[in-house]
Amino acid sequence: MKRLITKKLVPGMILSDNVYSYDNNQLVLPKGTVLDNQAITKLSFYSVANVLVEDYDESIDSAPLDGSDDSYASRLRETAEFREFKKDFEICSQKFKSGIDDLINDKENFNLDEVMSPIYELMHKGNNPSNILDMLHSLRRYDDATYVHCISVAMICNIMGQWLRMSEDDIEVLTEAGLMHDIGKLLIPNEIITKPAHLTNDEYVVVQTHPAQGYMVLTDLDVSDHVKNAALMHHERCDGSGYPAHLKGPQIDYYAKIVSIADVYDAMTSARVYRDPLCPFLAIELFESEGLQKYDTNAIMTFLQNIVNTYLLNKVRLNNGQEGEIIFINRDHLSRPTVKIDSDYVDLTLHPELHIEQIL
């Protein structure tokens, strides 16, 4: 039996204990669950930090991909466009890290415009939302995970602002909110954030202080109140199940509601050093089945509808190994479109045992 942080889980591992959510002690997965991509995505959805698993072959724990995978993400990584994006993203990450060091240690030298400008350059080079999301999903896990996550969330927030038809000024504020939402984590001791073993109750209480700590850092900074509230409220949920204050829908800043969606989506779909990104349709299915009460209705539905539309006519692989093309989006069940396989049309709403496992 071993305890692993969630980001190191891979399909085939078996849970050796029940897993409960931190927010309201809800059973997420029972003991004995054989992990697959859906289960791993669900753990990320509920922000589960680590779990107990049965003994396993350690060679699968961190084995890097060897390049033989023919997934869309692997092919994308071979393009010159992706290599340029990756280089620019890493430069952006370093500038953000330097800027946050100034913010935490010497606020007078912090310049938000200098931190934001590389992100807008990345957005411009990405050409369109679908392409940017593909690029973000295909990036490998970096050591400076919080910095990378913040930049990814900022870019997703920018895309969401466009889809929600917000004004340019509001999109700028939303992008700033996404970038700054998790800076409180940088004030949590690194030995807690990266701890591979189970967090004690006291340690988890410390982790849950990061929204308030982020808010305090931003309190006297010349930024929008929406940016400050996003740092404080990005773990709140519309049904009151979030933290730190268990706020409900009307009490939560609208920008924080959008940031929370981008935050969870990035956590669920980000690539890892040892595996390609999890399929967006698994994340969409979780939002549909377990998240519609937790998130702002207009924001989450706009996000999911647009995400799904980016994959219309894409080739996909189902969990039974069959491959086909998405030809119709079911508006009532966005995660379960109709897939054309050879001459057959498979409506996934009629086949609950099937789901899209991979974009090809």
>> Given a Förster distance of 25 Å, report the FRET efficiency between Asn105 and Glu172 from their Cβ-Cβ distance, rounded to the nearest 0.05.
In response: 0.45
>> Of the candidates Glu176, Glu84, Glu108, which one comes out as most mobile in a Gaussian network treatment of the chain with C-alpha springs shorter than 10 Å?
In response: Glu108
>> If every alpha-carbon in the chain counts as one equal scatterer, what log10 I(q)/I(0) does Debye give at q = 0.07, 0.08, 0.09, 0.12 1/Å?
In response: -0.29, -0.38, -0.49, -0.91
>> What do you get for trypsin sites (Lys or Arg not before Pro) in segment 257-344 restricted to DSSP loop and a cutoff of at most 15 other Cβ within 10 Å of the site's Cβ?
In response: Arg331
>> Looking at the chain as a GNM with Cα springs under 10 Å, which of Thr349, Thr219, Thr79 has the largest mean-square fluctuation?
In response: Thr79
>> Accessible area per residue for the chain in Å², computed with a 1.4 Å probe and the full protein assembly in place, what is it?
In response: 45 Å²
>> Ignoring ligands, DNA and RNA, please state the percent of accessible area on segment 158-301 from carbon and sulfur, probe 1.4 Å.
In response: 51 percent
>> Residue by residue through segment 158-165, what is 3J(HN,Hα) from phi via Karplus (6.51 cos²θ - 1.76 cosθ + 1.60, θ = phi - 60°)? Round to whole Hz and write x for glycine and proline.
In response: 4, 5, 4, x, 5, 5, 7, 6
> For segment 182-337, what is the Kirkwood estimate of the hydrodynamic radius, computed as the reciprocal of the mean inverse distance between distinct Cα atoms, to one decimal in Å?
Replying inline: 17.5 Å
> Can you list residues whose amide H is under 5 Å from Val28's amide H, if they're 5+ apart or on another chain and H is modeled 1.01 Å from N?
Replying inline: Val19, Tyr20, Ser21
>> List the trypsin sites (Lys or Arg not before Pro) within segment 145-229 that DSSP assigns to loop and that have no more than 13 neighbouring Cβ atoms inside 10 Å.
In response: Arg165
> Given the options Ile188, Ile119, Ile40, which has the most mean-square fluctuation in a GNM of the chain, springs set between C-alpha atoms less than 10 angstrom apart?
Replying inline: Ile188
> What does the charge count near Arg83 come to, summing +1 for each Lys or Arg and -1 for each Asp or Glu among other residues with Cβ under 15 Å from its Cβ?
Replying inline: 0
> Going by accessible area, probe 1.4 Å, with all protein chains left in place, what is the ranking of Thr209, Thr41, largest first?
Replying inline: Thr209, Thr41
> Over the Cα atoms of segment 108-210, what Rg and Dmax result, in angstrom?
Replying inline: 15.8, 45
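The values are calculated or read from the model by the stated rules, or taken from the named source; none is laboratory data. Note that the coordinates shown come from a computational prediction; the quantities given were computed from them, not determined experimentally. Backbone-built Cβ (ideal geometry, glycine too); neighbour counts: all protein chains shown. Areas reflect the complete protein model, heavy atoms only, side chains present, ligands, DNA and RNA absent. Shrake-Rupley method; radii C 1.70, N 1.55, O 1.52, S 1.80 Å.
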